Structure formats: C-alpha cells, structure tokens
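Report on the following structure.
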Amino acid sequence: MKKNKIKIKYKLNKRGKIILITFLFCISVVTTVLIVGAIKSNKDKERQTAGTQTDITDDPSITPTDAQPTNEPDDKELGITVTPAPTPTIAAGIFDMPQEGVRPVAVMIDNETDAVLPQGGIGEAQIVFEFIVEYGATRYMALFWDNLPDMIGPVRSARHYFLDYLMDFDAIYAHIGWSDYAYRDLAEFEIDNIDGVTREAGGVYWDLTRDKRNYHDSYTSAERLNNFISNAGYETKTTKALPLPYNKDDLDLSDGRTAEEVFIKYS
C-alpha cells in the first residue's frame, strides 16, 4: 500500500516574519544570559574553595631605622614637658642703650615722597620719632647717645610738635630751617640747636647734589656735629632723668602676644 506524503507549506506575511524574528532574538538573549550566569557561578565556587585552602603568612618583620617610626612611647606619653629652645637674642652689648646723664643729639631726617635720597643713621639711633607733617608726609627725629654715625640725613627743618619730645630728653637739636611755630618755640624755650641756615652752622651740613632747588640732599656726620657742639659750648651732660625705662636683661615674655605687625590709623 503506497503512503502519500502530505506537504504543508506556511506562508508568512510581513507581520508574521517580524514576530518570528523577535521571538528567536529573545530566546537567544535568554540562553546567553543563562550560560554566562552558570560560568560565573562555577568561578565563584572555585574562589571560595581556594580561599579556604590558602595559608596566610604573617607580615614580614621590619627592622627599625632612623627613617621608620618605632613603637617607643614619646615624651608626651611619658609625661615629660619639653621646653622649646629660646630664640637667640641680640646681646645687650651690641645695642647702645640711652645713657642716663648724657644729652642726646636729635636730628631731623627726611621721609617725604620718592625724592628722598638714601636715609642714613636711622639704624644706629636708639630712639626714632615719626610724626605726620604737611600734606600727609612724615618726618623722623632720630636720637643718638654718644653713637653718632658718619652719615646722617637727609636733614630737614624743625617742627614745633617735635620739640615736646625733644625736651623730654634735654636733647641738642640738629636741623636745617624751621616752621614759624618752631622758630618761636626754639627761642622761647632756649633750646640748644644746630640750624643749617645760620652762618655759624654752615659747615655742619653738606649737599650730595649741586641742585640748589633740591632740599632733600643735605647730610651731616658725627665729627661735624661734635665739633659744633664743642665750639658752641653746649653742655653734654644733663640732670634730667630718662622719660622711658629700659631693660638691659632679657625678660620672660611667655604670657605676651606676638605682634609682628602693628597698624596705626591716623585721623
């Protein structure tokens, strides 16, 4: 008996083809995920097994050296208080202290604008006063006790408000010219002074430039000032006590406050 084979043909339209392709893609993705998960699971089991069979060695011993910290207790743990070494100070013999019974010489020094030539002598002065003068500029009055340097200046004119502090020290006043008030007070209080505009003190000061209009270039020296004081017969000793006390020995200022900068606001 002859069997007949029946052939069935399926013809998919466009929509059917899209559905079939999508179905096959989903099956492919799911199969890939399952395979990857199985492989990862096997590797995790192998790692866990290896972890239980591995011997862990101790850290290698390290020999302490100068560059490596040790376990020794520090000074704080031992209760030891370490006092820092004090900062070296200038020996008292290097600084000339104001001398009781000696009349200082006070010199007016320029500090006006950038026209000022190099200032000399300020670093050697024991006391320096700085006051505001006209137009917001300032001027110095440097006081010297038996330590006048070889170059002092530029020397400028007197102002009456400097005289109050000068008289506190019974100082001899070196200047070139004066304001009207200073001229009056110099005479009224009979202050020994060395005025560069007078004929008597003409040789005490010299100019660094030949510019007659430059009033920032006049200087003096220890030799010239001392010669004038000797020739004028000014007394070099005084009975006036120093208005300010001075410490000749180091003091413990551990409770003090550091003041690296001081700001003074003027009116």
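In a residue-by-residue description of the range 223-230, the property of being touching a Pro at 6+ places or on another chain (Cβ under 6 Å) and either assigned to a loop (DSSP other than H, G, I, E, B) or open to solvent by 70 Å² or more (accessible area, probe 1.4 Å) (or both) applies to no position. Within the range 249-264, residues that are more than 28 Å from residue 138 (Cβ to Cβ) have Cβ atoms under 7 Å from residues that are assigned to a loop (DSSP other than H, G, I, E, B) and open to solvent by less than 100 Å² (accessible area, probe 1.4 Å) in these pairs: 250/89, counting only partners at least 6 apart in sequence or on another chain. Which one is nearest to residue 150 (Cα to Cα) among residues in the range 206-222 that are open to solvent by less than 80 Å² (accessible area, probe 1.4 Å) and part of a strand (DSSP E or B)? Residue satisfying both the conditions and the ranking: 220. Selection over the range 233-248 of residues that are touching a residue at least 24 places away in the same chain (Cβ under 8 Å), within 16 Å of residue 105 (Cα to Cα) and open to solvent by less than 100 Å² (accessible area, probe 1.4 Å) gives a count of 7. Every condition in (1) open to solvent by 50 Å² or more (accessible area, probe 1.4 Å); (2) at pLDDT 90 or above; (3) assigned to a loop (DSSP other than H, G, I, E, B) is met by residue 161 except one, and the failing one is (3). Among the candidates 192, 180, 207, 217, which residue alone is closer than 20 Å to residue 102 by Cβ and of a type in the set (Asp, Glu)? 192 is the lone residue from the list that is closer than 20 Å to residue 102 by Cβ and of a type in the set (Asp, Glu). Taken together, the criteria place residue 132 among residues that are over 22 Å from residue 103 (Cβ atoms) and open to solvent by less than 80 Å² (accessible area, probe 1.4 Å). Would a scan of the range 244-262 turn up a residue that is part of a loop (DSSP other than H, G, I, E, B) and more than 33 Å from the chain's Cα centre (by Cα)? Scanning the range 244-262, I find no residue that is part of a loop (DSSP other than H, G, I, E, B) and more than 33 Å from the chain's Cα centre (by Cα), so the answer is no. Within the range 169-205, the set of residues being open to solvent by 70 Å² or more (accessible area, probe 1.4 Å) and at negative phi comprises 178, 180, 181, 183, 184, 187, 188, 189, 197, 199, 200.
The values are calculated or read from the model by the stated rules, or taken from the named source; none is laboratory data. Remember, predicted model here, so these are calculated numbers, not experimental data. For neighbour counting, all protein chains shown are included, and Cβ atoms are generated from backbone atoms with ideal geometry for every residue, glycine included. Keep in mind that these areas ignore ligands, DNA and RNA; they rest on the heavy atoms of the full protein, side chains included. Shrake-Rupley method; radii C 1.70, N 1.55, O 1.52, S 1.80 Å.
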